[in-house]
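Novice: My questions all concern the structure below.
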Amino acid sequence: MVGLPLAPMPPVSMQVAPGPDRITMAVMATLMAAAFLFAVVHWMRTGRPIVMMLFLAGGCMMVMEPMVDTVAGCWFAANSTIAFIGWGRPIPVWVCLTYFAYFGIGGAIIWIALRRGLTRAQIWYFYCGEIAADIVLESILLRTGLYTYYGNQPLTIGGFPLWWTAVNALVSVAAAVVTLHLAPRLRGWRLLALIPALLSTSAAANAAAGWPAWFVINSDVGPIWATIGGVASCALAFAMIDLIARLVATPVPVGASSNLRAAGLAI
C-alpha cells in the first residue's frame with residue numbers, strides 16, 4: 001500500500017491577479033472597520049464589551065481556517081497578500097478580515113436578538129440569514145479566482161459546495177448561544193475567557209456537523225455517496241439548530257400561539 005496518496009492534493013500552483021486581491025482586502029477592511037465601530041458603539045451604550053469580545057473572537061477564529069481547509073478541501077492562492085501560514089496553507093489577509101465581520105458581528109447580532117427574545121422560528125430565520133449571507137459572499141468571491149474548493153466536494157453548484165453554508169452559519173448561532181449563557185457569569189477581565197470559549201465552539205461546531213462531508217471529500221467514493229455525505233452534514237447542522245432553538249427560544253404566550261401558527265411562524 002506504500003505510495004498511495006493520503007488526501008486529495010490542493011492546487012498549490014494556483015495564482016491570482018493582484019487586482020482582485022487588493023480590491024477584496026479593501027472591501028473586507030471596510031466591513032471590518034464598520035463591525036469594529038458597531039462593537040465600540042454597543043460598548044459605550046451598554047457599558048459592557050460583550051459585542052467587542054464577539055468581534056475579537058470571530059476574528060481569532062481565523063486560526064481554525066488552515067485546519068478546516070485541510071479536511072474540507074479549500075485552497076487560497078499562495079501569491080495573495082498572506083497573513084499567516086498554518087498547516088502549510090497560506091491564509092490571505094482578506095480572509096482574516098472577513099472573519100471579524102461574518103463570525104464576529106454576525107454572531108453578535110444573533111446574541112443581541114437572543115437577549116431580547118426569539119421564538120424557535122425566529123432563530124431559524126437568523127440561521128437562514130447567515131446561510132444567505134454566506135452564499136452571496138462566496139458566490140462573488142469565487143468568481144475572482146482568489147480561492148477554490150477541491151477534492152470530492154458534495155452539493156457543489158458553480159464551484160461552491162453548499163454544505164459549507166450550513167456549517168458556517170451553525171458556528172455563528174452556536175457562538176451567540178454560548179455567549180448568551182456564559183457572558184452573564186463573567187465580569188471585568190474574565191470576559192476575555194469568551195475568546196477561547198468561542199474558538200472552541202467554532203472547532204466543535206465545524207467537527208460536529210462537518211465530519212460526513214470531510215469523510216467523502218477525502219475518500220474515493222462515487223457521486224451518490226459524496227452527495228449523501230454532504231446531505232448528512234447539512235442534516236446534522238439543521239438538527240443542532242433545531243436543538244438550540246428548542247433550548248433557548250422564548251416561550252410563546254398561550255394567547256399568541258394560535259396567531260403565530262396562523263401566520264406560519266411557529267415551528
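Novice: When averaged across all projection directions, what area in nm² does the alpha-carbon convex hull of the chain cover?
Specialist: Mean projected area for the chain: 16.4 nm², to one decimal.
Novice: Would you report the distance distribution of C-alpha pairs in region 1-120 as whole percents per 5 angstrom bin, up to the bin with the largest distance?
Specialist: Here the calculated profile for region 1-120 is 2, 11, 17, 18, 15, 13, 10, 7, 5, 2, 1, 0, 0.
Novice: Going out from 0 in 5 Å bins, what whole percent of all Cα-Cα distances in region 133-257 drops into each bin?
Specialist: 2, 10, 16, 17, 16, 14, 10, 8, 5, 2, 1
Novice: Tell me which residues come under 5 Å, amide H to amide H, from L162 once H is placed; ignore anything under 5 positions away on its chain.
Specialist: T156, I157
Novice: While we're on this one: Run lengths n ≥ 4 of DSSP H only: what is the helix-derived mean residue ellipticity at 222 nm for the chain, with -39500 (n - 2.57) per run over all residues, to the nearest 500?
Specialist: -21000 deg cm²/dmol
Novice: On alpha carbon coordinates alone, what is the Rg over Rh value for region 36-195, Rh being the Kirkwood radius?
Specialist: Result: Rg/Rh = 0.99.
Novice: Now for a different question. Quick one: angle between helix 50-60 and the longest Cα principal axis of the chain, in degrees between 0 and 90, rounded to 10, please.
Specialist: The helix 50-60 is inclined about 10 degrees to the chain.
Novice: Now a separate question. Neighbouring Cβ atoms within 10 Å as the yardstick, rank D69, D242 fewest first.
Specialist: So the ranking, lowest neighbour count to highest, is D242, D69.
Novice: In a Debye calculation with equal point scatterers on the alpha-carbon sites of region 113-203 and no solvent, what is log10 I(q)/I(0) at q = 0.19, 0.26 Å⁻¹?
Specialist: For the requested q values the scattering log ratios are -0.95, -1.26.
Novice: Search the structure for amide H atoms under 5 Å from the amide H of A83, placed 1.01 Å from N in the peptide plane, and list their residues when 5 or more places away or on another chain.
Specialist: I91, V93
Novice: When the chain is modelled as a GNM with alpha-carbon springs shorter than 10 Å, which of G159, G222, G73 fluctuates the most?
Specialist: G222
Novice: Once you order the gyration tensor axes a ≥ b ≥ c over the Cα atoms, which shape class does region 126-171 get: rounded for a/c under 1.5, otherwise prolate or oblate by comparing a/b with b/c?
Specialist: It comes out oblate by the Cα gyration axes.
Novice: While we're here: Please work out the Cα center distance from region 139-189 to region 54-124, rounded to the nearest Å.
Specialist: 6 Å
Novice: To the nearest 20 debye, what charge dipole does the chain have about its Cα centre, counting +1 at the Cβ of each Lys and Arg and -1 at the Cβ of each Asp and Glu?
Specialist: Dipole of the chain, to the nearest 20 debye: 1020 debye.
Novice: Continuing with this model, one more query. In percent, what relative contact order does the chain have, based on Cα pairs under 8 Å that are 6 or more apart in sequence?
Specialist: About 23 percent, as a whole number.
Novice: What's the exposure ranking of F100, F76, going from fewest to most Cβ atoms within 10 Å?
Specialist: In increasing order of surrounding Cβ atoms, one gets F76, F100.
Novice: Can you sort S202, S172, S80 from fewest to most other Cβ atoms within 10 Å of each residue's own Cβ?
Specialist: So the residues, fewest neighbours to most, are S80, S202, S172.
Novice: Now for a different question. Using only the alpha-carbon atoms, how far is helix 106-116 inclined from the longest principal axis of the chain? Give it as 0 to 90 degrees, nearest 10.
Specialist: Roughly 20 degrees between the two axes.
Novice: Have a look at A34, A57, A226 and tell me which one the Gaussian network model of the chain (Cα, springs below 10 Å) gives the largest fluctuation.
Specialist: Top of the fluctuation ranking is A34.
Novice: Out of R246, R185, R115, any idea which swings most in a Gaussian network model of the chain, alpha carbons joined below 10 Å?
Specialist: Of R246, R185, R115, the most mobile in the Gaussian network model is R185.
Readers should treat all values here as calculations from the given coordinates under stated rules, not as data from a laboratory. Just so you know, these numbers come straight off a predicted model, no measurement behind them. Please note: Cβ atoms are built from the backbone with ideal geometry, for glycine as well, and neighbour counts cover all protein chains shown.
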